[in-house]
Structures are given as structure tokens and as C-alpha cells.
Amino acid sequence: MKNTRNLFGIIALVAVIALAMTGCSSGADPCSHSYGSWAPKAAATCMAKATEERACALCGEKQTQSVGIPDPDAHDEGWVMTPGYELEGCLRSGCGYLTGDYYLTLAIGDTGPGGGIIFYVADGGGTPARNPISVQAGPAGEWSAYTAYYLEVWTTDEIASDWGSNGAVIAGVTTFTNETVPDALLLGNGRKDTWLIVTYLGESVSNRAAQRCVNATHGGKNDWFLPSLGELKELKGKANMPSTGYYWSSSQYDEDYAWFQGMAGSAGAGYGNGDYYVRAIRAF
Ligand SMILES: [Zn+2]
Ligand SMILES: [Zn+2]
């Protein structure tokens with residue numbers, strides 16, 4: 001009989017434990033929670049959906065869920081710091097929203113982040129107005145378009161070189177036979193055109209004007225390029241530049257000629273296998 005009582009005792013104990021395990025406090029059976037209704041927890045932001053929360057009335061366990069879609073206008077606005085300027089926009093990683101307001105902290109003649117000399121500042125002044133530059137996207141996979149507030153020029157020439165005309169107008173390169181045609185002197189196309197020239201001539205070719213600039217690593221930067229004719233004109237007359245000499249641009253004239261700019265005089269079309277001075281710039 002004693003053994004039988006012990007057996008009943010064990011059965012009773014197991015039953016009590018099993019009962020306890022069906023209660024929500026053990027966490028073993030979510031069906032037994034008694035949740036209240038969903039209540040707002042956090043509002044949607046530009047990068048995240050809104051969240052809601054509910055709690056179990058018995059054990060207090062909380063659940064959250066995302067609802068709706070991100071709110072494209074709910075930015076965390078502030079000043080984004082970069083070398084040379086501050087941009088007002090969203091501080092959230094991955095958003096990229098900018099209000100268009102900016103503060104510039106460098107002036108023409110100052111040393112830029114690449115160790116060159118600043119020769120264009122998007123301060124809104126001057127004629128034409130010195131606005132931010134839309135740096136055009138490069139060939140597929142090279143880089144995305146971006147906005148630049150400065151141009152800086154390296155302090156010395158690269159090795160004087162030929163341009164590398166191959167008897168063809170290179171597809172996509174800014175090409176014009178008269179500098180008064182609309183957009184001929186646009187700023188922001190030099191970097192793209194430099195890479196198109198390099199790609200066309202072959203990246204292994206290192207002794208041409210565009211390649212000299214692309215291969216430069218001045219100041220630890222690898223985004224130097226051959227200026228477009230419009231960008232070269234900004235360089236003409238600046239204190240750090242020679243007052244004479246002809247410099248290649250990355251703008252093409254026709255299948256055999258490309259544009260150069262005289263530091264003392266006017267621009268002209270130079271035969272592609274002629275040697276002219278080469279000066280690398282970068283836009284940031
Ligand atoms: Zn519960
Ligand atoms: Zn945002």
C-alpha cells in the first residue's frame with residue numbers, strides 16, 4: 001500500500017506541473033497569453049515603418065509589430081559635416097535627403113582635402129552664378145553622379161602628353177566645334193569625359209592626358225581627372241596657375257582634335273597627337 005500511495009503522489013505532482021505549464025507565465029504556450037489591443041509605440045520615419053505594441057494582461061510579456069510604410073517626410077534634420085562644407089539634410093543613415101542649404105568653409109586659394117588649391121567655390125556669386133556642380137555619372141560601374149561644391153587643382157603639372165585622338169569621336173564625350181553652343185562649357189562633365197576617354201583608349205595606356213590624371217594619387221585621392229574646357233576656363237588666371245602655356249581639356253572638338261585652353265589667351269582645337277600641358281583637378 002505504501003508503494004501505491006507514493007505512485008499516486010507522483011502522478012499528482014506531474015499533473016500539477018502540467019497544469020502550470022499551460023499558464024502563460026512559463027512562456028511555453030503562447031496561446032495562453034491574454035494580450036490587450038495594439039497601441040502605437042513609435043511613429044514612422046523616413047527610413048522605418050511605424051511600430052505598435054501590445055502586452056499580456058497576465059504576465060506582462062510584450063509584442064511589437066511594424067505597420068504601414070515609412071513616412072518619406074519624417075526626416076531627422078541636421079547639418080551633415082563633410083570636408084569643406086556642411087549640408088543641411090537628414091542625419092539618418094541611407095536616407096540621403098538634403099534641403100539644398102549649405103555652408104562652405106573653404107575659399108578660392110585655400111588648400112583642398114586632396115592637397116590641391118581651390119579654384120571654384122559654389123558660393124552663388126559671380127556671373128554666371130557659382131552654383132553647386134552636378135558631377136555627371138561615369139561609365140557603368142565607375143561611380144554615381146554627385147553634387148560638388150568645389151573644384152581643386154593639383155599644385156603642379158602632370159607630364160605633358162598627347163590627347164590620344166584615334167580618328168573617332170568618342171561616344172558620350174562632350175564634343176563641340178564652337179564654344180558658344182549651349183552647354184559646351186558646362187561644369188561637371190570633365191570627370192565623366194575623362195573616364196570615357198580612358199575607357200576608349202584602354203586603361204593600360206598610361207601616357208595620354210586623361211590617363212595621367214586618372215592615374216594620379218595626389219594627396220591620397222584617386223578621383224583626379226582632366227578638366228573639361230569649361231572647368232579649365234575657371235582655372236585660367238588663378239594665382240596658383242602659370243600665366244602662359246596651353247593645357248589640354250577633356251572636351252573633344254571632332255574625331256581628330258580636342259580642346260585646349262591657353263592660360264594667356266583663348267581656347268583652340270589641338271591635334272590629338274600634339275603634346276600640351278596637363279593639370280589634374282578634382283570635384284568635391
Ligand atoms: Zn502572458
Ligand atoms: Zn530622412
How high is the relative contact order of segment 61-135, in percent, counting Cα pairs under 8 Å that sit 6 or more residues apart?
16
Extension length gain for Asn131 and Thr180 (0.36 nm per residue less Cα distance), in nm, is 15.6 nm
Return, ordered by residue number, the residues of segment 60-74 whose backbone nitrogen is under 20 Å from a label point located 7 Å along Cα→Cβ of Lys49.
62-74
Cβ-placed point charges (K, R +1; D, E -1), dipole of the chain about Cα centre in debye, nearest 20:
1260
Taking 0.36 nm per residue of sequence separation and subtracting the Cα-Cα distance, how much length would be gained by fully extending the chain between Thr64 and Trp38, in nm to one decimal?
8.5 nm
Using a Gaussian network model of the chain with C-alpha springs under 10 Å, which one of Arg212, Arg54, Arg92 is most mobile by mean-square fluctuation?
Arg54
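Of all GluC sites (Glu not before Pro) in segment 131-229, which ones are in loop regions per DSSP and have a Cβ with at most 16 other Cβ atoms within 10 Å? Walk me through the numbers before you get to the answer.
Values: sites: Glu142, Glu152, Glu158, Glu179, Glu203; in loops: Glu142, Glu158, Glu179, Glu203.
Listed in order of number, the matching sites are Glu142, Glu203.
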Heads up, segment 207-284 by the C-alpha gyration tensor (a ≥ b ≥ c square roots of eigenvalues; a/c under 1.5 rounded, else a/b over b/c prolate, else oblate) looks oblate
Run through segment 43-138 and list the GluC sites (Glu not before Pro) located in a DSSP loop whose Cβ has at most 15 other Cβ atoms within 10 Å.
Glu61
Helix 190-201 sits off the longest principal axis of the Cα atoms of the chain, rounded to the nearest 10 on a 0 to 90 degree scale, by 80
Cα long-axis angle, helix 2-21 against the chain (0 to 90 degrees, to the nearest 10)
40
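Laboratory data are not the source of any read-out in this text; all were calculated from the coordinates shown. Fair warning: this is a prediction, and the values are worked out from it, not measured in the lab. Glycine gets a Cβ as well: all are built from the backbone with ideal geometry, and neighbour counts include every protein chain shown.
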